[in-house]
Amino acid sequence: MNIILLLIPLSLALLALAVWAFFWAVNHAQFDDLDTPALSPLSDDEIAPTAASKDAE
Amino acid sequence: MTACFHCGEPVPNGVELRARVGGIDHAVCCRGCEAAMLWIDGLGLADYYRLRTEPAARADSTVDYSAWDRPQLARMHVRVDAPDRAAVVLLIDGLRCTACAWLIEHAIGTLPGVHDVGVNAAARRVHLGFDPSRASLSTLLAALAKLGFVPHPLTADAIDSLREQESRAAIKRLAVAGLGAMQAMMYAVALYAGVFDGIDPAVRDFFRWLGFLVATPVVLYSARPFFAGAQRELRARRVSMDTPVAFAIALIYLASLIETLRGGLDIYFDSVSMFVFFLLVGRTLEMRARHRAGDIVDALARLQPTLAERRTANGYETVGVHELQAGDIVRIAAGASIPADGSLHDRQCAIDESLLSGESAARRCQPGDAVIAGSMVLEGPVEITVKRVGADTVLAGIVRMVTRAASEKPTLARLADARASRFVVRVFLLTVLTAAAWLVFDPSRAFAAALAVLVVSCPCAFALAVPAALTRAVSVLAQRGVLVVDGNALEALAKADHVVFDKTGTLTEPSIDLAHSEVGRGTLDQALAIAAALEQGNTHPLAAALRGSAATLTLSNAHALHNHAGAGVSGVIDGVRYRIGTRAFADCAGPADSTADDALVLADDQGVIARFRVEEQPRAGVTELLAALHEAGIGTEILSGDSPARVEAMAQGLGIRQWRAAMQPADKLERLRELRGQGHVIAMIGDGVNDAPVLAAADVGIAIGSGAALAHAASGILLSSQRLDAIIEARVVARRTLVTLRQNLNWALGYNLAAVPLAAFGFVPPWLAALGMSASSIVVILNSLRIGPVRRATRASAVVDAGIVQARYA
């Protein structure tokens, strides 16, 4: 049974990590717009950034 | 004739412009489009042309945005955080597809001095962060205009969008509650297993403290809105749904903590976390519906222009509207909105006042006539003398009236709130009684028994009874094109016994009178087919009417379609450029003919092809709705701003006995008060800005989806499908929701009546108490799920969700 003394704190640490990661994502506008980004991979499909747009970044 | 590669409009004869994109020469229609293409290609963003699903808007680089650099104007719209950091939010017209979002992000991001660009295509917003010393607002706006987008800067408070903060906070709370509930349940399973198989007290206490650890953030962070709400209501000496919820959460949590400390019988950290999670899911769904409606209301930002052209001693200067003063003379171009109330100065013109009057026909104004801010000039340019500005305008007055009417609205005594709060008080009394009784007989058992009463009687089922039923009803109705913005609206709709209609735009919609339409060239069917092809995808009522008339015809493919606000649509079919819309727009060269002003004119470059006469006819589903209402014994009435003769004709045709004509918003409000004085519960159905105060004041306001933004803001229910008979279904669902609500409450009461006495006498073992508590909540949720879609009796076709797109012309 002693193993739970290791596993449970481990699970709590993972829980804290999950909450932190989620908060980070929310604060960085990942959940503000759930419609537009869903479509962007479709259009990014064949875009190879050209030299000019690389320069822009 | 070729189409412009950038905007899709036909290239006029004699224009020989070419622009090179991706190594290939393309024809363009004007210098603006040429510049846009060359710029896009120069940035290496030519992929835009391959990815876009809609042609761009015609790039107009002639608009002068330099007025936006005036400090008086910039102060209202730009927030300066640091000397080198400023932020602004723009509402973008012409943001049509994700390729546009991509283009804006990349093209604007390359400008010097721009830190970051965020595009939200759903809300049609662009957030810009820039360095004011290196880039000015006017250059950024001009750059967007160069790409073919029309930017409208929003006021600076839009930067810290309350809505965005609210939705972020809600989603965080939901995540904490969900994750916390999952963990708490895992530890609870171990504890339940321990009850049956035996568990070492040390291990048991360890798991209890773990439960406490994960439940604490759920209660203290996720459940905070419930505590805040209960506190607010208590301070106002009222009880709402938040009161029993907050009490339940606090009691279960504190009781479990005390039991953990004294090593008592049972704890309920898992239940309280689940409870918070379920409630938050309901809250979040409700909030999203509210926000979706709010995005529409933001269109208000564009009702009144922010800039005006003021006449000075030597020409015109562009100033912010808030700088205007009474007595100024301003010039307004055709298709633009009037910035302030005033009187027409120089010449007669047609003005579209549909925003305020709800009447679709344009009004012909003579010099000296009063004009109202927010209405649209159809022929221009004209000059007006400013009389009233800002808060004194008629539009601002109506907005104020809406706010006041909404705050004075008497709320129906809410069934659930009243019963739940009575229940909470009784449980408290019972707990105290139990504790007192046990103190007399056996003090050592007093705390355990009192706690058992509290936990077993947990008002969970009570607290869930209302949100579960409402959430289900809202989602069922949303699939049917009925958006419920305000939960109270459903209860009011179920109880309404008098329905008040606006006439124009609500009961009626325009239709094409084929018998009286004139055809200049070709046959009527040919003209209709062209017109309907041009109006494909347009949500304006007249466009829908044209499509309806041409339903049996085969339509050709139109491309390069452009919607000109306040005027009409242009497009290309088989190489010929057509225009349809107001006479002034479609047939620029034709003679002025005041009798045909409200006709729709179809023309090509050689002149008029056909004039379609427009008449009013009842909106789809009106007769079904009225029949259903009359059958249910509900009173109906028309309150209209239109002339008595037309209102009477419509009322008689539809079988509505009560009607009043020529009513101003204030008259309508007065009539509403009178009806309420007779004890009626009133539902108001309308679409115009002039209906907004009444929509806000009625027990339930229902706005037509294509109506004015202010009407939406004032209503509890929006019909995104344009059919009125959706209200029949909404009413059936609302009534069923009320029944389900009562069942839920009765069930919760019955369960408690059975369980509490047993608990008070100490007969309920802890595992049974937990089981009963969960089971009673699950029964409530399952019962709420029975609110299903209503079977359609009258009509088989699916509701077409036309969306709530604002498109106005003529």
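Each reported figure results from applying straightforward, stated rules to the coordinates on display, with no laboratory input. If you're wondering where the values come from, they're calculated on a predicted model, not measured in any experiment. Here the Cβ is made from the backbone with ideal geometry for all residues, glycine too, and neighbour counts use every protein chain on show.
Please give me, ordered by residue number, the trypsin sites (Lys or Arg not before Pro) of the range B:648-714 that lie in loop per DSSP and have at most 15 other Cβ atoms within 10 Å. Walk me through the numbers before you get to the answer.
On the way: sites: B:R657, B:R660, B:K668, B:R671, B:R673, B:R676; in loops: B:R657.
For trypsin sites (Lys or Arg not before Pro) across the range B:648-714 that sit outside H, G, I, E and B with at most 15 neighbouring Cβ atoms in 10 Å, the list reads B:R657.
Only alpha carbons enter this Debye calculation for the range B:617-737, each as an equal point scatterer, and the log10 of I(q)/I(0) it gives at q = 0.14, 0.16, 0.20, 0.21 Å⁻¹ is -0.58, -0.79, -1.33, -1.48. If the chain linking B:T318 and B:N746 were pulled fully straight, counting 0.36 nm for each residue of separation and taking away their Cα-Cα distance, it would gain 147.5 nm.
If the chain linking B:K495 and B:R85 were pulled fully straight, counting 0.36 nm for each residue of separation and taking away their Cα-Cα distance, it would gain 142.2 nm. Across the range B:656-661, rounded Karplus estimates of 3J(HN,Hα) from the backbone phi angles (6.51 cos²θ - 1.76 cosθ + 1.60, θ = phi - 60°) give 9, 7, 9, 8, 9, 10 Hz, Gly and Pro being marked x.
How long is the gain from B:Q72 to B:R288 if the chain were fully straight, where each residue apart is worth 0.36 nm and the alpha carbon distance is subtracted? Mind dumping the intermediate values first?
Values: separation 216, 0.36 × 216 = 77.76 nm, distance 3.56 nm.
Answer, rounded to one decimal: 74.2 nm.
The mean sequence separation of alpha-carbon pairs under 8 Å and at least six residues apart, normalised by the residue count of the range B:634-703, gives a relative contact order of 25 percent. Annotation: amide H-H contacts under 5 Å for B:H115 (H modelled 1.01 Å from N, sequence separation of 5 or more, or interchain): B:G129, B:F130, B:D131. With R₀ set to 41 Å, the beta-carbon distance separating B:S475 from B:R646 gives a calculated FRET efficiency near 0.55. Between B:V189 and B:R657, the distance separating the two model label sites (each 7 Å from Cα on the Cα→Cβ line) works out to 6.6 nm. The label-point distance for B:E670 and B:R347, in a model that sets each label 7 Å from Cα toward Cβ, rounds to 4.1 nm.
Enumerate the residues in the range B:248-266 having an amide nitrogen under 17 Å from the point lying 7 Å beyond the Cα of B:D442 toward its Cβ. In the range B:248-266, the label zone of B:D442 (backbone N under 17 Å from the point 7 Å along Cα→Cβ) covers B:264-266. What fraction of the DSSP beta bridges in the range B:594-702 is antiparallel, stated in percent and rounded to the nearest 5? Looking only at bridges with both residues in the range B:594-702, the antiparallel portion is about 45 percent. 3J(HN,Hα) along the range B:270-279: 5, 5, 5, 5, 4, 4, 4, 4, 4, 5 Hz, from the Karplus curve 6.51 cos²θ - 1.76 cosθ + 1.60 with θ = phi - 60°, whole Hz, x for Gly and Pro.
Applied to the range B:673-689, the Karplus parametrisation 6.51 cos²θ - 1.76 cosθ + 1.60 on θ = phi - 60° returns per-residue 3J(HN,Hα) values of 4, 4, 4, 5, x, 7, x, 7, 9, 10, 10, 10, 10, x, 9, x, 4 Hz, with x for Gly and Pro.
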